[in-house]
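Take a look at the structure set out below.
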Amino acid sequence: MTTTADLHTLTGAYAAHALGEAERHAFEEHLAQCPACAQEVREFTATLARLGSAEAVVPPAELKARVLAGIGTVRQLAPASSEPDQDGAGRRPGRLARQWPKLALAASVAVAAALGGLAYQQHDQAEQAKAEAAVLQQQQARFSTLLTAPDARTSTATAAGGVGTVVWSQSLGQAGFLASGLPALPADKAYEVWFNDEGTMRPAGLLPGPDGSLLLAGGIHGAAGIGVTVEPAGGSAHPTGAPMMLLDFT
């Protein structure tokens with residue numbers, strides 16, 4: 001039997017739709033009577049929504065679609081005339097008509113070469129997109145594990161018009177950060193996340209962009225929270241400026 005104490009630990013799993021039917025019904029009955037759990041479910045639901053929209057992998061256009069789109073721009077040759085001359089004899093094929101088989105062959109070779117290069121480029125792009133999708137899927141799976149941990153907690157803050165959410169679990173010793181709507185940075189700058197070890201900032205990773213998610217590198221034990229700064233694109237060993245965002249593990 002699931003006890004009331006156990007039900008308090010199911011907020012993340014409920015928000016992630018990871019409960020069985022019986023456990024879900026029991027938790028929903030508990031949820032109606034527990035404002036604290038209701039608040040945690042709202043926070044986890046918002047975090048999951050941001051996680052789902054933070055990353056997107058756009059597959060490359062299909063080769064067929066590109067070829068078909070370009071067909072309308074290719075000039076077509078008129079058919080050769082076969083009208084008889086004044087004495088009734090068939091006209092001698094003109095120079096263009098005589099050269100047509102060679103021109104057609106040359107055109108076929110050129111098209112085949114172009115399509116071969118395009119196909120190679122498409123394959124390379126598809127493989128890259130597949131690799132990015134695999135990394136994203138793995139990260140989302142790890143985030144789901146983090147979010148559904150019995151002791152998972154979240155904290156959210158706003159800065160410069162954007163929203164940042166940190167998710168952490170003491171039992172897993174792991175934390176993740178999600179950003180949404182932060183200002184875009186120039187190419188030579190990046191958002192860096194830090195563990196706040198009682199005032200000493202420890203690097204935890206670089207955000208992929210103003211909208212993105214990051215599983216923080218390093219254990220959370222000993223950290224009081226996290227901070228976010230703007231650093232050079234490759235990151236810094238120590239913050240070069242004051243944090244634009246601070247979130248506590250409370």
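The values are calculated or read from the model by the stated rules, or taken from the named source; none is laboratory data. Note that the coordinates shown come from a computational prediction; the quantities given were computed from them, not determined experimentally. Glycine also receives a Cβ, built like all others from the backbone with ideal geometry; neighbour counts cover every protein chain displayed.
When you check ALA13 against the structure, is it surrounded by 14 or more Cβ atoms within 10 Å (Cβ to Cβ), farther than 24 Å from GLY181 by Cα and either hydrophobic (A, V, I, L, M, F, W, C) or at pLDDT 80 or above (or both), yes or no? Yes, satisfied. From the list LEU115, LEU147, the lone residue that is at pLDDT below 90 and surrounded by fewer than 16 Cβ atoms within 10 Å (Cβ to Cβ) is LEU115. Within segment 178-213, the only residue that satisfies the criterion of being hydroxyl-bearing (Ser, Thr, Tyr), buried (at least 21 other Cβ atoms within 10 Å of the Cβ) and at pLDDT 90 or above is TYR191. Criterion applied to VAL228, VAL163, VAL167 was being surrounded by fewer than 18 Cβ atoms within 10 Å (Cβ to Cβ), assigned to a strand (DSSP E or B) and touching a Leu at 6+ places or on another chain (Cβ under 9 Å), and the one residue passing it is VAL163. Count of segment 175-218 residues, restricted to those that are touching a Ser or Thr at 6+ places or on another chain (Cβ under 7 Å) and free of Cβ contacts under 8 Å to residues at least 12 places away in the same chain, is 0. Say whether the condition of being in a strand (DSSP E or B), out of contact with any strand residue (DSSP E or B) (no Cβ under 6 Å at 6 or more places or on another chain) and among the hydroxyl-bearing types (Ser, Thr, Tyr) is met by at least one residue in segment 193-203. Looking for residues that are in a strand (DSSP E or B), out of contact with any strand residue (DSSP E or B) (no Cβ under 6 Å at 6 or more places or on another chain) and among the hydroxyl-bearing types (Ser, Thr, Tyr), one finds at least one in segment 193-203, hence yes.
Screening LEU216 on (1) farther than 21 Å from VAL41 by Cα; (2) in contact with a Leu (Cβ under 9 Å, 6 or more places away or on another chain); (3) crowded, with 18+ Cβ neighbours inside 10 Å shows it passes everything except condition (2).
Hey, can you tell me all the residues within segment 170-189 that are outside any strand (DSSP E or B) and among the polar types (S, T, N, Q)? Of everything in segment 170-189, those that are outside any strand (DSSP E or B) and among the polar types (S, T, N, Q) turn out to be GLN170, SER171. Pairs linking a residue in segment 138-160 that is at positive phi to a residue that is exposed (fewer than 15 other Cβ atoms within 10 Å of the Cβ) and not in a helix (DSSP H, G or I), with Cβ atoms under 6 Å and 6 or more positions apart or on different chains, are ALA160/PRO183. Output yes when any residue across segment 232-240 is more than 17 Å from GLY161 (Cβ to Cβ), of a type in the set (Ser, Thr, Tyr), out of contact with any strand residue (DSSP E or B) (no Cβ under 8 Å at 6 or more places or on another chain) and surrounded by fewer than 18 Cβ atoms within 10 Å (Cβ to Cβ), and no when none is. Within segment 232-240 (the criterion being more than 17 Å from GLY161 (Cβ to Cβ), of a type in the set (Ser, Thr, Tyr), out of contact with any strand residue (DSSP E or B) (no Cβ under 8 Å at 6 or more places or on another chain) and surrounded by fewer than 18 Cβ atoms within 10 Å (Cβ to Cβ)), the answer is no, since none of the residues qualifies.
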